[in-house]
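Below is one structure, written out as structure tokens, with a few remarks after it.
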Amino acid sequence: KFLIKMATTRVSEQLPPNLDVTKASIAYGARAFPKLNEELSQEADGTVRLQALRSLCDLMRDPSSVKQAVAAGIIPTCNHLVEHADTLVRQLSTEIFRLFANHAVGRSTLLISNVMPALAALFDDPDTLVRQRAHQTVRMLATSAAGTEAILRLTLIAKLVDKLVEETETAILVAVLETLQATIKFDTIASLECPAMERFITLVKHDNEEVTAAALEAIKGLSFSRQGKGQAVDHGAPQVVVGLLTHDNARIRAEACGAIMSICITTRAKEAFAVIEGGASALATLVDDPVESVCLAAVQAINVTAEIPPCRAMYQALLPKLARLSQFEGTQLDPTAIARAAQRASATIAWQP
């Protein structure tokens, strides 16, 4: 005989194995973002808000979710949360803004929602991660003309320049430098009126290569204006930049050549470069650089500096190499870019009054 036992009901005290209690449950379909937005607004329960923020961070990494999040009103809600007293809430809110700023529709909506003042207030936040994410968001917003205009309208340039001294985190320094580069392309006046050039020259000597390269690019951009060239010479930028022409990093070598080319448009800057010991010879050495971007930048810098007699005399030995480069076909850049630059440099060096 077989005994048949009735099934008993047992409720486990353990949570389901695949349930993450730190995140909110996602509603189905189009209801997902509106539900999360409602949970973000729950002042009474901080745990629910944190769970919703974590879930939003996960969802926002999918580019297809950006428009849905914008339509659900996530940005205005997070604009209030970035001022929250809880550090974790500020960290997650700024991360959501950073993810929004990675996409054109997100950037435009952030600017329409006027989030720039709230982000600027976070530049002085006591938490490093909050400051980093705020700066990275502003850097992405500065890639558009509307974002750059907002930065200039709020007169944030002087504050950003001060952050180059106050901050020590590499990621923040790079983000600030790239933001300033974007604003310099739009308008140089605000940067020229504060000690931006001095800060850039100081950061060129930074131990981190990313910071050095970004500072060189900022010097190059600010030196496009005549006043910027004057400031660069006054603060000894050519001497500092020449020392980086032999750097191991190819990007730094290329940016150093670009900075020299930008600074040395004026006769005063050319004369300052000509008296730097080893400056012309360092540029001449880079003509043989295996990296095409470095070679091209070096040839262009030689063409600019060769417009005064002392430099022309120092570059005479380069003419055979430049003649060979005038037949060069590149593989990494425009195939004829180096050849055209070499022809122009040869004509400038060979010119006689």
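The values are calculated or read from the model by the stated rules, or taken from the named source; none is laboratory data. These numbers come from a predicted model, not from an experiment. Please note: Cβ atoms are built from the backbone with ideal geometry, for glycine as well, and neighbour counts cover all protein chains shown. Note: accessible area is taken over every heavy atom of the protein model, side chains too, but ligands, DNA and RNA are not part of it. Shrake-Rupley method; radii C 1.70, N 1.55, O 1.52, S 1.80 Å.
Residues in the range 288-304: is at least one assigned to a loop (DSSP other than H, G, I, E, B), among the charged types (D, E, K, R) and open to solvent by 30 Å² or more (accessible area, probe 1.4 Å)?
The answer is no, given that none of the residues of the range 288-304 is assigned to a loop (DSSP other than H, G, I, E, B), among the charged types (D, E, K, R) and open to solvent by 30 Å² or more (accessible area, probe 1.4 Å).
Cβ-Cβ below 6 Å, separation at least six or inter-chain, first residue in the range 102-123 and within 12 Å of Val138 (Cα to Cα), second open to solvent by 10 Å² or more (accessible area, probe 1.4 Å) and assigned to a helix (DSSP H, G or I): which pairs?
Going by the 6 Å Cβ cut-off, the qualifying pairs are Leu111/Ala146; Val115/Asn79; Ala118/Asn79.
From the list Glu255, Glu307, Glu277, Glu271, pick out the single residue that is open to solvent by 10 Å² or more (accessible area, probe 1.4 Å), free of Cβ contacts under 8 Å to residues at least 12 places away in the same chain and closer than 30 Å to Glu198 by Cβ.
Among Glu255, Glu307, Glu277, Glu271, only Glu277 is open to solvent by 10 Å² or more (accessible area, probe 1.4 Å), free of Cβ contacts under 8 Å to residues at least 12 places away in the same chain and closer than 30 Å to Glu198 by Cβ.
In contact with a helix residue (DSSP H, G or I) (Cβ under 9 Å, 6 or more places away or on another chain) and over 23 Å from Ala85 (Cα atoms): which single residue out of Thr155, Thr137, Thr128 fits that description?
Thr155
Quick one: which helices (runs of 4 or more DSSP H) sit completely within the range 180-226 and have at least 1 residues that are open to solvent by less than 10 Å² (accessible area, probe 1.4 Å) and touching a Lys or Arg at 6+ places or on another chain (Cβ under 6 Å)?
209-222
Yes or no: the range 170-192 includes at least one residue that is among the β-branched types (Val, Ile, Thr) and out of contact with any helix residue (DSSP H, G or I) (no Cβ under 7 Å at 6 or more places or on another chain).
yes
Right, Ala85: surrounded by 22 or more Cβ atoms within 10 Å (Cβ to Cβ), farther than 21 Å from Ile172 by Cβ and more than 19 Å from the chain's Cα centre (by Cα) or not?
Taking the combined requirement at face value, the residue does not satisfy it.
Ala145: in contact with a Cys (Cβ under 9 Å, 6 or more places away or on another chain), open to solvent by 50 Å² or more (accessible area, probe 1.4 Å) and either of a type outside the set (Asp, Glu) or at pLDDT 95 or above (or both), yes or no?
no
Only residues that are open to solvent by 70 Å² or more (accessible area, probe 1.4 Å) and farther than 16 Å from Ala284 by Cβ: list them for the range 310-332, please.
Gln327, Phe328, Glu329, Thr331, Gln332
Among the listed residues Ile157, Ile151, identify the single one that is open to solvent by less than 10 Å² (accessible area, probe 1.4 Å), of a type outside the set (Ser, Thr, Tyr), closer than 26 Å to Gln91 by Cβ and over 14 Å from the mean Cα position of the chain (by Cα).
Ile151
So, in the range 149-171, exactly how many residues are of a type in the set (D, E, K, R) and not in a helix (DSSP H, G or I)?
Matching residues across the range 149-171 total 2.
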